[in-house]
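Structure first, commentary second.
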Amino acid sequence: MNFNCYPAWTSTIRNHYWYLRYARGFDLVKIRKRYRYIASEKKRLQIESVDAELIRLLCRHMVNLKNQKAAERFWNALLKSSPKNLLNLPDNSIINLT
């Protein structure tokens, strides 16, 4: 079991994807609204010079948390990225418990 500490810049996108995962399928207005929020947050993060590939991988991971390959790709890209993106990560950001 992995407990990951996400960087602080991911909190808003993670929040919006949480609402999307638990939105009812017939409530299309709320679903479209969340996608608009996510798009505006992506633009804001790109303006703040967060790597576009990291944002894409985060969104891919947040769509389906059970997709382990998407999670691995996001965490690998985050750990390989510049130290600027890792400022909000503690030293032991990924802890494996068995």
A8 over 12 Å from the mean Cα position of the chain (by Cα) and aliphatic (A, V, I, L, M):
no
Restricting to the range 43-74, name every residue that is crowded, with 17+ Cβ neighbours inside 10 Å, part of a helix (DSSP H, G or I) and either in contact (Cβ under 8 Å) with a residue 24 or more places away in the chain or of a type in the set (A, V, I, L, M, F, W, C) (or both).
L45, L54, I55, L57, L58, C59, M62, A70, A71, F74
What's the total number of residues in the range 1-54 that are over 22 Å from L79 (Cα atoms) and among the hydrophobic types (A, V, I, L, M, F, W, C)?
9
Given (1) at pLDDT below 95; (2) part of a helix (DSSP H, G or I), identify the lone condition not met by S40.
(1)
Does the range 64-83 contain any residue that is within 14 Å of the chain's Cα centre (by Cα), at pLDDT below 90 and polar (S, T, N, Q)?
no
Quick check, is I31 of a type in the set (A, V, I, L, M), surrounded by 13 or more Cβ atoms within 10 Å (Cβ to Cβ), in a helix (DSSP H, G or I) and modelled with pLDDT of 95 or more?
no
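The values are calculated or read from the model by the stated rules, or taken from the named source; none is laboratory data. The model shown is predicted, which means the values in this text are computed figures rather than measured ones. Please note: Cβ atoms are built from the backbone with ideal geometry, for glycine as well, and neighbour counts cover all protein chains shown.
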